[in-house]
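Structure first, commentary second.
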């Protein structure tokens, strides 16, 4: 009889524990997360700090968190060993033990593998009672966004190989006198404006002397990226890797333009419904704005590339560089049209270069790319 009574008491206590734990286990439990940087470049590392707080007067010996993150955010080996895959996301677990009125902080290092805008949206916190009979879960909104800016080719993630050096592009040069560059004086001919007379040298020589301007190269480049594929086919992982390679080459060309003191603009028939384009860029600060736009660029083609080419204004540009997975007759005609207007068109392609193309008109460069093992693995 006493044994039965003991069993009944134990059962009643267990039932009460189950009811109470199920109702109050996660009351007074709070979760938060933050990052030390919300904008990084591909290949860089940031820190994610998680804080789990127990505001109750009762200890919680075992509590588990499960953070949802993009597969492009690589956690440390210790964290990634326990992660589980959920399509484009991975779930990073964490186990905490909380004393009464205490909090626990954990810092995770994350390597950003690919350009894009990524977010930590939600975390699920789970608690289990001491008997292992009840498991209670609650979701916490995280709401962290990280922008990963693309880097140029030949970085850690990808190496581009060309059949000819990038710098050896056959483009026309437009030579103009630069009124701000003075290179000595010459005898006044009467054709120069009066404000170009160098009165100091006139006094020295006894003859009217005019300021002699240096000649400079005025070169403005338009970089176009074609996201259209030949035929109506689903976008493959190879197409996605092509897009990433084109973006890396675009970034490389952009920085080369900035470093050489030239300006550029970028446009593509992908992203928004009407394509995506930038204004004229001449400074490093403006270039970083373009990188933010490229970070957000989707892999979707908005409309036909031929229509896109015809819709653009090429008036102020001397060179047009086209990054495309293929070259067709329409593009060759476009190049001839530009040549007739004293502009140069240069093509970079991962596809084949047409053999019947006039090399004097169509300057084409074939390139290939190699992603490192980790980068290629997540693009499959």
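In region 210-241, the qualifying residues are those that are modelled with pLDDT under 75 and part of a strand (DSSP E or B), and the one that is nearest to residue 270 (Cα to Cα) is 217.
Conditions tested, residue by residue: (1) crowded, with 21+ Cβ neighbours inside 10 Å; (2) under 14 Å from residue 146 (Cβ atoms); (3) in contact with a helix residue (DSSP H, G or I) (Cβ under 8 Å, 6 or more places away or on another chain).
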site: 91; (1), (2), (3): no, no, no
site: 95; (1), (2), (3): no, no, no
site: 102; (1), (2), (3): no, no, no
site: 105; (1), (2), (3): no, no, no
site: 111; (1), (2), (3): no, yes, no
site: 114; (1), (2), (3): yes, yes, yes
site: 117; (1), (2), (3): no, yes, yes
site: 122; (1), (2), (3): no, no, no
site: 126; (1), (2), (3): no, no, no
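What residue, of 335, 376, is under 25 Å from residue 40 (Cβ atoms) and modelled with pLDDT under 90? Within the list 335, 376, the selection yields 376.
From the list 126, 49, 147, pick out the single residue that is at pLDDT below 90, touching a strand residue (DSSP E or B) at 6+ places or on another chain (Cβ under 6 Å) and either assigned to a strand (DSSP E or B) or more than 29 Å from residue 249 (Cα to Cα) (or both). Within the list 126, 49, 147, the selection yields 126. Scanning region 64-96 for residues that are in a loop (DSSP other than H, G, I, E, B), at pLDDT below 85 and out of contact with any strand residue (DSSP E or B) (no Cβ under 6 Å at 6 or more places or on another chain) yields 81, 87, 88. Do we find a residue being within 12 Å of residue 220 (Cα to Cα) and touching a strand residue (DSSP E or B) at 6+ places or on another chain (Cβ under 7 Å) anywhere in region 266-273? Taking every residue of region 266-273 in turn, at least one turns out to be within 12 Å of residue 220 (Cα to Cα) and touching a strand residue (DSSP E or B) at 6+ places or on another chain (Cβ under 7 Å). Taking region 307-334 as the range and being in contact with a strand residue (DSSP E or B) (Cβ under 7 Å, 6 or more places away or on another chain) and assigned to a loop (DSSP other than H, G, I, E, B) as the test, the residues that pass are 312, 314, 316, 317, 318, 325, 326, 327.
Selection of region 288-306 for residues being in a helix (DSSP H, G or I), closer than 27 Å to residue 355 by Cβ and under 24 Å from the mean Cα position of the chain (by Cα) yields only 305. For region 97-108, taking the residues that are part of a strand (DSSP E or B) and modelled with pLDDT of 90 or more, the one that is farthest from the chain's Cα centre (by Cα) is identified as 102. In region 327-347, which residues are under 22 Å from residue 243 (Cβ atoms) and out of contact with any helix residue (DSSP H, G or I) (no Cβ under 6 Å at 6 or more places or on another chain)? The answer is 327, 328, 331, 346, 347.
The values are calculated or read from the model by the stated rules, or taken from the named source; none is laboratory data. Small disclaimer: the values here were computed from a predicted structure and weren't measured. Note: ideal-geometry Cβ built from the backbone for every residue, glycine included; neighbour counts use all protein chains shown.
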